[in-house]
Amino acid sequence: MGHQLFHGTVIHSRGPAELIILESALLIVDANGKITNLIEDISRDKVSVLLSALEIPTSPENVRYLPRGQFIIPGFVDTHNHAPQWAQRGLGQSMHILDWLEKVTFPNEARFRDPEYARRVYTSCVDGFLKQGITTASYYGSLHAEATNILADICLAKGQRALVGKCNMNRNAPDYYRDASVESSLKDTEACIEHIRRIDPESKLLKHVLTPRFAISCDPELLDGLGKIAAANQDLPIQTHFNEAEQEMNFLQELFPQFKGSEADLYEHYGLLNERSILAHCCHMTEYEMGRLKELDCGVAHCPVSNMTVGGGFMAAPVRDFLRRDIKVGLGTDSGGGFSSSILDAMRQALVASNAREVMSQGKDKGLDIGELFYLATLGGAKVCGLDTKVGNFEVGKEFDGLIINADGLGVMTMLEHEDSTRTIFDKFVMTGDDRNIKEVYVCGSQVWA
Ligand code: GUN
Ligand code: FE
């Protein structure tokens, strides 16, 4: 594969308040999938002169010119996603979290003991997320090492960038779906770490992510063992659920009274809270825990769709407050918990949640705007996953994970009108587009969906 060149509208984010819209840009990607140039403003007739000056070995005919209504954005980052829940989405909505786990989720995830079943569901799952523009996902697997390795194989084969974790859970789950012992849980985790290091030795696309489901489902010895693996493997991210819902928080307090209700203190005690931590939900946060997350540089996976459907109650995480304090935050679909596996829907629901927060805070925490939602879905998520030096936007030197959007006349998104500005077209896509508007998907320069 030689260089790839795209000319037209390029939209990306440099920060929560830095939405960049380039209407006549030239994006150049080299044979290794790296972005070598982003010329911000160049008319079509100047492209060929520029290419000779840059000594790029290609001819102007190879430039892909995007018409009005099409544009390029960075791939979406899904910071929290349960792959085994792909086939249970939509079930058990409005149940409280522990009841939902027992009645819907554990029986479903137990099926992944069968590798054939795992292969079938995970193939559909990875395809389903790729077609929705999710170029990076942080996946929870089931507790099974074999199925988790299959998920990693499928991500690699299909070209999706992914953090993949064997889920650790050895208590407060039924006999048929629980790690047999602390030792077996840790041994299976080590095996999954090894597997990913074998199939992707340079971590081009994959990393194992340490995945204690949540403290309720892990004995202290298991948390301790995972903390030791985290200390010995500084390259591995860590993910867990954090202050999601009252039912979970109350039970956790019963199990670990010594931490006086602070999940931050609990995970920190076991060596699981640091700049590599991806904390899902964070709906109920004390001032103290906000401070700890900032000091330890943890990332938050905001999952607004599941927070308002599964879990118990209407949970609107304080995203404006995270941004104000410069705590890393991105979006998660959560997959099973909720009605949608789309990051576009997560963006819209994040808007709704932030509007609720504005009311709850008597106007102190303003609702999010579209530029902020887009940041969360791209660069914000990349930061949470520790991948922002590689992806998240189109800075020169990063790898090209991008989507070609066709906003013109496809699906049911708001129709375009002649007078629409590029910004208007972008807003229409973010608020009303869906996978039908995602025309092509690239990861590290390779086309992985069309
Ligand atoms: N807490 C522990 N497990 C889960 C899960 O699968 N989904 C959600 N939303 N919360 C959890
Ligand atoms: Fe979850």
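The values are calculated or read from the model by the stated rules, or taken from the named source; none is laboratory data. Source: prediction; values computed, not measured. A quick note on method: Cβ atoms are made from the backbone with ideal geometry, for glycine too, and the neighbour counts reach across all protein chains shown.
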All positions within the stretch 317-340 that are among the β-branched types (Val, Ile, Thr) and within 14 Å of ligand 2 (Cβ to nearest atom): 333
field: Filter result for residue 81 (under 26 Å from residue 379 (Cα atoms) and crowded, with 21+ Cβ neighbours inside 10 Å)
entry: yes
message: Can you confirm whether residue 227 is small (Gly, Ala, Ser), more than 12 Å from ligand 1 (Cβ to nearest atom) and in contact with a Phe, Trp or Tyr (Cβ under 6 Å, 6 or more places away or on another chain)?
response: yes
Which listed residue is modelled with pLDDT of 95 or more, surrounded by 16 or more Cβ atoms within 10 Å (Cβ to Cβ) and assigned to a loop (DSSP other than H, G, I, E, B), from 403, 416: 416
query: How many residues, within the stretch 423-438, are out of contact with any helix residue (DSSP H, G or I) (no Cβ under 9 Å at 6 or more places or on another chain) and crowded, with 17+ Cβ neighbours inside 10 Å?
result: 2
- request: May I ask you to say which residue of 197, 178 is surrounded by fewer than 18 Cβ atoms within 10 Å (Cβ to Cβ) and in contact with a Phe, Trp or Tyr (Cβ under 9 Å, 6 or more places away or on another chain)?
  value: 178
query: Within the stretch 103-162, can you find the residues that are surrounded by 24 or more Cβ atoms within 10 Å (Cβ to Cβ), hydrophobic (A, V, I, L, M, F, W, C) and touching a strand residue (DSSP E or B) at 6+ places or on another chain (Cβ under 7 Å)?
result: 129, 134, 137, 143, 151, 152, 155, 162
- prompt: Scanning for something among the basic types (Lys, Arg) and touching a residue at least 60 places away in the same chain (Cβ under 8 Å), does the stretch 36-54 turn up at least one residue?
  reply: no
- line: Restricting attention to the stretch 27-64, the residues that are assigned to a strand (DSSP E or B), of a type in the set (A, V, I, L, M, F, W, C) and closer than 13 Å to residue 400 by Cβ number exactly 5
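So that you can scan it fast, the table gives a plain yes or no per residue for (1) modelled with pLDDT under 95; (2) over 30 Å from residue 123 (Cα atoms); (3) of a type in the set (S, T, N, Q):
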| site | (1), (2), (3) |
| --- | --- |
| 26 | no, yes, no |
| 33 | no, no, no |
| 37 | no, yes, yes |
| 42 | no, yes, no |
| 47 | yes, yes, no |
| 55 | yes, yes, no |
| 66 | no, yes, no |
| 78 | no, no, no |
Given (1) on the phi < 0 side of the Ramachandran plot; (2) out of contact with any Cys (no Cβ under 7 Å at 6 or more places or on another chain), index of the condition residue 166 fails: (2)
field: Those residues of the stretch 55-71 which are touching a residue at least 12 places away in the same chain (Cβ under 8 Å) and out of contact with any strand residue (DSSP E or B) (no Cβ under 6 Å at 6 or more places or on another chain), in sequence order
entry: 56, 57, 58, 60, 62, 67, 68, 69
message: Would you confirm, using the coordinates I've provided, whether residue 283 is over 23 Å from residue 186 (Cα atoms), within 16 Å of ligand 2 (Cβ to nearest atom) and touching a helix residue (DSSP H, G or I) at 6+ places or on another chain (Cβ under 8 Å)?
response: yes
query: Within the stretch 242-257, is there a residue that is small (Gly, Ala, Ser) and within 12 Å of ligand 1 (Cβ to nearest atom)?
result: yes
task: Output the number of residues of the stretch 218-251 satisfying the condition of being within 15 Å of ligand 2 (Cβ to nearest atom), crowded, with 23+ Cβ neighbours inside 10 Å and either basic (Lys, Arg) or part of a helix (DSSP H, G or I) (or both).
output: 1
- request: Sort through 357, 348 and tell me the only one that's touching a helix residue (DSSP H, G or I) at 6+ places or on another chain (Cβ under 7 Å), surrounded by fewer than 21 Cβ atoms within 10 Å (Cβ to Cβ), in contact (Cβ under 8 Å) with a residue 60 or more places away in the chain and of a type in the set (D, E, K, R).
  value: 348
statement: residue 304 meets each of (1) within 16 Å of ligand 2 (Cβ to nearest atom); (2) at pLDDT below 95 with one exception, condition (2)
message: For the stretch 94-110, give me the residue count where each residue is over 21 Å from residue 250 (Cα atoms) and under 22 Å from the mean Cα position of the chain (by Cα).
response: 1
